[in-house]
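Colleague: The structure follows.
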Amino acid sequence: MTKLKVLVIEDNEQNMYLVSFILEKNGYEVIQARTGIEGVDLAVLHEPDLILLDIQLPVMDGYSVARAIRNRPSLAKTPMIAVTSYAMPGDCDQAMAAGCTGYIEKPIDPENFMSQVEQFVRGNERNNP
Ligand code: MN
């Protein structure tokens, strides 16, 4: 069975490591982007099954990244989860307004992360890995 592809756009090395580790352990293929611009490029190139988007990114913030991704017809319906800081409650509304499908709060909880992610992958036509 083909692995589902998840694009992770995250500038923090520890979070990138943790999220990638959990996803790969659960059978997903991970594509990593460390800047918003790279994230948009890799989204266009790979057309991932799911995008995890850090909101606090340098230069091009997560909202701009979300809008740029949603402007691409091939990515208009890709599930896209904002990863927002628990301390910034307004982030979630702004992320949804920018085109995100949902959000997960930081710090990442390794115990619950996969069930949070799978809520957004479910409903996809393809089978889970
Ligand atoms: Mn960040």
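The values are calculated or read from the model by the stated rules, or taken from the named source; none is laboratory data. It should be emphasised that the depicted structure is a prediction, and the values quoted were computed from it without experimental measurement. All Cβ positions, even for glycine, are placed from backbone atoms using ideal geometry, and neighbour counts span all protein chains on display.
Colleague: Does the range 95-115 contain at least one residue that is at pLDDT 85 or above, more than 15 Å from the chain's Cα centre (by Cα), of a type outside the set (Val, Ile, Thr) and over 23 Å from residue 25 (Cα atoms)? Steps first, please.
Modeller: Here is the first cut: in the range 95-115, the residues at pLDDT 85 or above are 95-115.
Keeping just the survivors that are more than 15 Å from the chain's Cα centre (by Cα) gives 97, 109-112.
Those still in the list that are of a type outside the set (Val, Ile, Thr) too: 97, 109-112.
From what is left, the residues that are over 23 Å from residue 25 (Cα atoms) are 97.
Yes.
Colleague: In the range 1-24, which residues are within 12 Å of the ligand (Cβ to nearest atom) and in contact with a strand residue (DSSP E or B) (Cβ under 9 Å, 6 or more places away or on another chain)? Give the steps one after another, and end with the answer.
Modeller: Step one: of the range 1-24, the residues within 12 Å of the ligand (Cβ to nearest atom) are 8-16, 19.
Hits for the range 1-24 are 8, 9, 10, 11, 12, 15, 16, 19.
Colleague: Provide a single number: the residues in the range 58-80 that are under 13 Å from the mean Cα position of the chain (by Cα), touching a residue at least 40 places away in the same chain (Cβ under 8 Å) and within 16 Å of the ligand (Cβ to nearest atom).
Modeller: Looking only at that region, the number is 2.
Colleague: Right, another one. Being charged (D, E, K, R) and at pLDDT below 90 is the filter here; which residues of the range 116-129 pass it? Outline the logic, then answer.
Modeller: So in the range 116-129, the residues charged (D, E, K, R) come out as 118, 122, 125-126.
Correct list: 122, 125, 126.
Results for (1) hydrophobic (A, V, I, L, M, F, W, C); (2) within 16 Å of the ligand (Cβ to nearest atom); (3) out of contact with any Ser or Thr (no Cβ under 8 Å at 6 or more places or on another chain), shown as yes or no for each residue.
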site	(1), (2), (3)
33	yes, yes, yes
39	no, yes, yes
82	yes, yes, yes
95	yes, yes, no
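Colleague: So which pairs qualify, if the first residue must be in the range 1-23 and at positive phi, the second must be within 16 Å of the ligand (Cβ to nearest atom) and assigned to a helix (DSSP H, G or I), the Cβ gap must be under 9 Å, and the two must be at least 6 apart or on different chains?
Modeller: Going by the 9 Å Cβ cut-off, there are no qualifying pairs.
Colleague: Residue 2: surrounded by 15 or more Cβ atoms within 10 Å (Cβ to Cβ) and not charged (D, E, K, R), yes or no?
Modeller: Values: surrounded by 15 or more Cβ atoms within 10 Å (Cβ to Cβ): no; not charged (D, E, K, R): yes.
So residue 2 does not fit the description; no.
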